[in-house]
Amino acid sequence: MDTDVANEVEPDWEAEEIPDEDFLFMRVHQDYWDDEGEPIPKAFRNHPKKTGGMSTDWQKYFTPEETRQRGRDAAANIVIQLLTGTVRKIPDQSVVHTPDVENNNRAHSDVFGEKTTEVRERFMQIYQKVPL
Amino acid sequence: MNDLGSEIPPQILFNSDLVSSVREPRDQPSSITLDSFNIPGRFSGPGFQRAGFGALQGAYAGVLLTPELGLYKQQITRISVRIAAAIESSRRILDLPENWDEEGSPAYAESTWERAAYHAKQTAIEYRKSNGVWVNPPKITPGPDGSIDVRWKTLERSVLINFPAADTEPVQFFGSDGDTESIRGTLDIFSPNQWILMWLMR
């Protein structure tokens, strides 16, 4: 195959169903830490300019360290994990596998739904920090 | 001036349509709303009814407080050092510039912080008056869209209160034990709200 053609072939990543028992990893930048190095409620937010959801990585394709390394400054990030089934129990939240071909991130997944005060507090109650 | 330290006796207003103004949980155990505990406070929405004069019933404390019983309340004029430090430390939120997170977040207005700080201080003082102890300081952090979050937490429960940038917008809160009990609604920060800490410390 011509190398130019080979370089233009994009991976064929289909969106998959994420099981309830799997974890989602989420990078939290230091801008969203409190004085004790824990996430603040504002960390749980949507990205309207990107996918419109809250970006996470599915454990099937990424480790927590791989998630952390995707930040511009890995050292300025912690990684937390969220159990998919528990996230789905939060009002109006849905978990969708949205592989990001452009950024070579097959693990990318979104948590869609408005991040109200209640929703942000529920996320605060269920997250677990991943020691790295 | 009465023994609660205010010129005007506390007025109790509740919204008889509170249930319709609060989102119902989906597929979750029944939640505890303000209405079901007859907890004083002024709630947003139509249909206010005057429920009584000067009588406060704290369901979690199990004590009926009346102006007469208020005679025995401690007069608290200063806040605990830890709570004062937490409130003062949070003032640095005002130093965050426009787009501080590179995601378009606005800067924070001092008036927003003052409302959050006032709530934290007054609520802690009122709780101390009623229960004789200081609670642990809340965490006061930047919220979405120029709002400020105040989060109170114990080992078993937590409650998040959001103070919007616009003072015409309602102050919303949600608290839960992570299992079966939850509270949600809107607050009038100028009414006594120590019931939130009474629920938290239960």
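The values are calculated or read from the model by the stated rules, or taken from the named source; none is laboratory data. Everything quoted here is computed from the prediction, not taken from an experiment. Please note: Cβ atoms are built from the backbone with ideal geometry, for glycine as well, and neighbour counts cover all protein chains shown. In case anyone asks, the SASA skips ligands and DNA or RNA and just uses the protein heavy atoms, side chains included. Shrake-Rupley method; radii C 1.70, N 1.55, O 1.52, S 1.80 Å.
Residue by residue through the stretch B:128-172, note down the ones that are under 18 Å from B:ASP101 (Cα atoms), of a type outside the set (D, E, K, R), open to solvent by less than 30 Å² (accessible area, probe 1.4 Å) and facing chain A (nearest Cβ under 7 Å).
B:THR141, B:PRO142, B:GLY143
Determine, yes or no, whether A:THR51 is within 14 Å of chain B (Cβ to nearest Cβ) and outside any loop (DSSP other than H, G, I, E, B). Steps first, please.
On the way: within 14 Å of chain B (Cβ to nearest Cβ): yes; outside any loop (DSSP other than H, G, I, E, B): no.
No.
Working only within the stretch A:67-105, note down all residues that are under 24 Å from A:ASP12 (Cα atoms) and in a loop (DSSP other than H, G, I, E, B).
Answer for the stretch A:67-105, where residues must be under 24 Å from A:ASP12 (Cα atoms) and in a loop (DSSP other than H, G, I, E, B): A:ARG70, A:THR98, A:PRO99, A:VAL101, A:GLU102, A:ASN103, A:ASN104.
Among the residues that make up the stretch A:36-47, is at least one of them basic (Lys, Arg), in contact with a Phe, Trp or Tyr (Cβ under 8 Å, 6 or more places away or on another chain) and open to solvent by less than 60 Å² (accessible area, probe 1.4 Å)?
Our first condition is that a residue be basic (Lys, Arg); within the stretch A:36-47, this holds for A:42, A:45.
Still in the list and also in contact with a Phe, Trp or Tyr (Cβ under 8 Å, 6 or more places away or on another chain): A:42.
If we keep only those that are open to solvent by less than 60 Å² (accessible area, probe 1.4 Å) too, we end up with A:42.
Yes, the conditions are met somewhere in the stretch A:36-47.
Please give the number of the condition B:ARG115 fails out of (1) more than 10 Å from chain A (Cβ to nearest Cβ); (2) more than 24 Å from A:ARG45 (Cα to Cα).
(2)
When both residues are 6+ apart or on different chains and their Cβ atoms are under 7 Å apart, which pairs have a first residue that lies in the stretch B:177-200 and is closer than 11 Å to B:GLN122 by Cα, and a second that is open to solvent by 10 Å² or more (accessible area, probe 1.4 Å) and of a type in the set (D, E, K, R)?
Correct list of pairs: B:ILE189/B:ARG115; B:SER191/B:ARG42; B:PRO192/B:GLU126; B:GLN194/B:GLU126.
For the subset of the stretch A:48-71 comprising residues that are acidic (Asp, Glu) and more than 10 Å from the chain's Cα centre (by Cα), which member is surrounded by the most Cβ atoms within 10 Å (Cβ to Cβ)?
From the stretch A:48-71, those acidic (Asp, Glu) are A:57, A:65-66; that's our starting set.
Still in the running and more than 10 Å from the chain's Cα centre (by Cα): A:65-66.
Working: A:GLU65: 12, A:GLU66: 14.
Once the filter is applied, the top-ranked residue is A:GLU66.
Among the listed residues B:ILE183, B:ILE189, identify the single one that is open to solvent by 10 Å² or more (accessible area, probe 1.4 Å) and either farther than 15 Å from B:SER90 by Cβ or modelled with pLDDT of 95 or more (or both). Show your work before the answer.
Details: B:ILE183 fails: open to solvent by 10 Å² or more (accessible area, probe 1.4 Å).
When all the criteria are applied, what remains is B:ILE189.
Pull up the stretch A:92-108, narrow it to residues that are at pLDDT 95 or above and more than 13 Å from the chain's Cα centre (by Cα), then point me to the one that is least open to solvent (accessible area, probe 1.4 Å).
A:GLN93
Of the conditions (1) under 19 Å from the mean Cα position of the chain (by Cα); (2) among the polar types (S, T, N, Q); (3) within 14 Å of chain A (Cβ to nearest Cβ), B:GLN122 satisfies every one except a single condition; which number is it?
(3)
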